[in-house]
Amino acid sequence: MKKLLLSIALMATVLSGYAADGKLHVSGKLTGLSGKIYVVTADLAAGRAASRDSFNLTGDAFDFTINLNKVTMVYVYNPSTGSEDQNKSFTIVGVPGEDVTINGDLSTRYDIDGSKFYHQYHEADIMMENAQKEMTEFTKTCQDRIEKGESQDSVEAYYNSKLPELQTKYTNTILDFVKAHPDYEASASLVINFDDYSSMQKLVDLLSPEVKNGRMKDFYTYCLDRAKAQQEKAENAAKAQAIGIEAHDFILNDIHGKPLKLSSLRGKYVILDFWGSWCGWCIKGMPQMKEYYAKYKGKFEILGVDCNDTEAKWKAAVAKHQLPWLHVANGTGANDVTQIYGIQGFPTKILVDPKGKIAKVVEGEDPAFYTYLDSIFGKK
């Protein structure tokens, strides 16, 4: 089984399902595991782990049983390496009352098989492995071109030109499998390999009535609901961050506890920087922000919008990193500016022009943002 079978973003989340009590028996042998393993299931609705267990290994072999009362994503990893080491972990769809065997090498490939559900799952897994080959080889080709000295812009343009076709082929391969196996419960589990609501709904529509209304129903329903919510959020963000529209005005308390209104800065460029002291990439980007703030002193203002921090941590971070620009703390409810602007990741920088119009939006630490500032305020 290739490690890409399950979406990494959902690696430790539960997809609610079957309501009856049950157990899942897991056994196998995986080169790369040693000592002890942790087994974690999570209750997504509650936003916490549903259970945590640990089991001793015999060499690289394991044999354990966990209690399950619903279809669950089960995450297994070596505690010595931590959950971030993907070569020391694996994830499976856990189904109550079933037996699953997992054998192979964690760093290369392994197979999942077992009782009825997992025998179906094995067929789906092989299909996924083949479906991913072309995409994997394409990505490697692009990486090789960069390593050989080709410009990142050139490779990125090539990547973006070919990616839609490969993604469509990948999606159709999965849908064709479900079309051929509508009565497989494992077909329902394949929704996790899609990010978009439309593809997920197409997959669900192909399922037989028995599978669609059976114990996998809450499994795929959660995926659909989550994808739909993300789609709506992305659509709202696109509207709120559209280039050329007027930036939504707001009033938030600054670092001295006094109200500061965005429109009071009208007449100059303003960078809205959505950040937090907890955000590693936000902090890593601060030196370059300070460099450009000094480089074009007086030509633009930065308004840092601190998010998801306590007041103490916010103020401590501003002092520690000596951030010389304006700062406000994000509000709640109707004053939650991250909701108003559809912020989906941190850091996010929104450049507002002197007329109060949105000129540029960049999510993450992207050098292109500073290239853009150079194009407006001067040459390097």
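Please work out which residue is surrounded by the most Cβ atoms within 10 Å (Cβ to Cβ), limiting yourself to region 101-129 and to residues that are acidic (Asp, Glu) and under 19 Å from Asp63 (Cα atoms).
Among those residues, the one meeting the criterion is Asp113.
Identify all residues within region 324-341 that are small (Gly, Ala, Ser), on the phi < 0 side of the Ramachandran plot and surrounded by fewer than 16 Cβ atoms within 10 Å (Cβ to Cβ); write none if there are none.
Narrowing region 324-341 to residues small (Gly, Ala, Ser): 329, 331, 333-334.
Okay, now just the ones that are also on the phi < 0 side of the Ramachandran plot, so 329, 331, 334.
Ala334, the sole residue that qualifies.
Which of the helices (runs of 4 or more DSSP H) found entirely inside region 136-248 contain at least 3 residues meeting this: loosely packed, with under 15 Cβ neighbours inside 10 Å? It would help to see each step written out before you state the result.
Numbers: elements: 152-180, 185-189, 197-206, 209-212, 217-240.
Fully inside region 136-248 and qualifying: 152-180, 217-240.
From Asn160, Asn130, Asn103, grab the single residue that is among the polar types (S, T, N, Q) and either within 27 Å of Thr41 (Cβ to Cβ) or in contact with a His (Cβ under 8 Å, 6 or more places away or on another chain) (or both). Don't jump to the end; show me each part of the working.
Numbers: Asn160 fails: either within 27 Å of Thr41 (Cβ to Cβ) or in contact with a His (Cβ under 8 Å, 6 or more places away or on another chain) (or both); Asn130 fails: either within 27 Å of Thr41 (Cβ to Cβ) or in contact with a His (Cβ under 8 Å, 6 or more places away or on another chain) (or both).
On inspection, the qualifying residue turns out to be Asn103.
Answer with yes or no whether Lys133 is basic (Lys, Arg), assigned to a helix (DSSP H, G or I) and surrounded by fewer than 15 Cβ atoms within 10 Å (Cβ to Cβ).
Working: basic (Lys, Arg): yes; assigned to a helix (DSSP H, G or I): yes; surrounded by fewer than 15 Cβ atoms within 10 Å (Cβ to Cβ): yes.
Here the answer is yes, as Lys133 does meet what is asked.
Out of all the residues in region 324-368, which are more than 17 Å from Asn308 (Cβ to Cβ), modelled with pLDDT of 90 or more and either part of a helix (DSSP H, G or I) or of a type in the set (Gly, Ala, Ser) (or both)?
Selection gives Gly356, Ala359.
List pairs: first residue in region 151-172 and of a type in the set (Lys, Arg), second residue surrounded by 12 or more Cβ atoms within 10 Å (Cβ to Cβ) anywhere in the structure, Cβ distance under 9 angstrom, at least six positions apart or on different chains.
So the pair list comes out as Lys162/Phe138; Lys162/Cys142; Lys169/Ala131; Lys169/Glu134; Lys169/Met135.
When you look at Lys179, is it at pLDDT 95 or above, among the basic types (Lys, Arg) and under 26 Å from Lys133 (Cβ atoms), yes or no? Spell out how you get there, then give the answer.
Details: at pLDDT 95 or above: yes; among the basic types (Lys, Arg): yes; under 26 Å from Lys133 (Cβ atoms): yes.
Answer is yes for this residue.
Taking region 306-323 only, how many residues are part of a helix (DSSP H, G or I), surrounded by 12 or more Cβ atoms within 10 Å (Cβ to Cβ) and hydrophobic (A, V, I, L, M, F, W, C)?
Counting residues in region 306-323 that are part of a helix (DSSP H, G or I), surrounded by 12 or more Cβ atoms within 10 Å (Cβ to Cβ) and hydrophobic (A, V, I, L, M, F, W, C) gives 4.
State yes or no: is Ile283 buried (at least 19 other Cβ atoms within 10 Å of the Cβ) and either on the phi > 0 side of the Ramachandran plot or touching a residue at least 24 places away in the same chain (Cβ under 8 Å) (or both)? Can you show your working first?
Working: buried (at least 19 other Cβ atoms within 10 Å of the Cβ): no; either on the phi > 0 side of the Ramachandran plot or touching a residue at least 24 places away in the same chain (Cβ under 8 Å) (or both): yes.
For Ile283, the condition - buried (at least 19 other Cβ atoms within 10 Å of the Cβ) and either on the phi > 0 side of the Ramachandran plot or touching a residue at least 24 places away in the same chain (Cβ under 8 Å) (or both) - is not met.
If I filter region 14-30 down to residues being within 28 Å of the chain's Cα centre (by Cα) and modelled with pLDDT of 85 or more, which single residue comes out as surrounded by the fewest Cβ atoms within 10 Å (Cβ to Cβ)?
Within region 14-30, the match that is surrounded by the fewest Cβ atoms within 10 Å (Cβ to Cβ) is Leu30.
Give the residues of region 21-41 that are farther than 22 Å from Gly97 by Cα and in a loop (DSSP other than H, G, I, E, B), sorted by residue number.
Within region 21-41, Gly32, Ser34, Gly35 qualify.
Has region 71-84 got at least one residue that is polar (S, T, N, Q), outside any strand (DSSP E or B) and crowded, with 20+ Cβ neighbours inside 10 Å?
Initial filter on region 71-84 (polar (S, T, N, Q)): 72, 78, 80-81, 83.
From what is left, the residues that are outside any strand (DSSP E or B) are 78, 80-81, 83.
Still in the running and crowded, with 20+ Cβ neighbours inside 10 Å: 78.
Looking for residues that are polar (S, T, N, Q), outside any strand (DSSP E or B) and crowded, with 20+ Cβ neighbours inside 10 Å, one finds at least one in region 71-84, hence yes.
From Asp99, Asp125, which residue is at pLDDT 90 or above and in contact with an Asp or Glu (Cβ under 9 Å, 6 or more places away or on another chain)? Steps first, answer last, please.
Numbers: Asp99 fails: in contact with an Asp or Glu (Cβ under 9 Å, 6 or more places away or on another chain).
The unique qualifying residue is Asp125.
Looking at this structure, is Gly298 part of a loop (DSSP other than H, G, I, E, B) and either of a type in the set (Val, Ile, Thr) or surrounded by 16 or more Cβ atoms within 10 Å (Cβ to Cβ) (or both)?
Numbers: part of a loop (DSSP other than H, G, I, E, B): yes; either of a type in the set (Val, Ile, Thr) or surrounded by 16 or more Cβ atoms within 10 Å (Cβ to Cβ) (or both): no.
In short, no.
The values are calculated or read from the model by the stated rules, or taken from the named source; none is laboratory data. Quick caveat, the model's predicted, so the values are computed rather than measured. Glycine also receives a Cβ, built like all others from the backbone with ideal geometry; neighbour counts cover every protein chain displayed.
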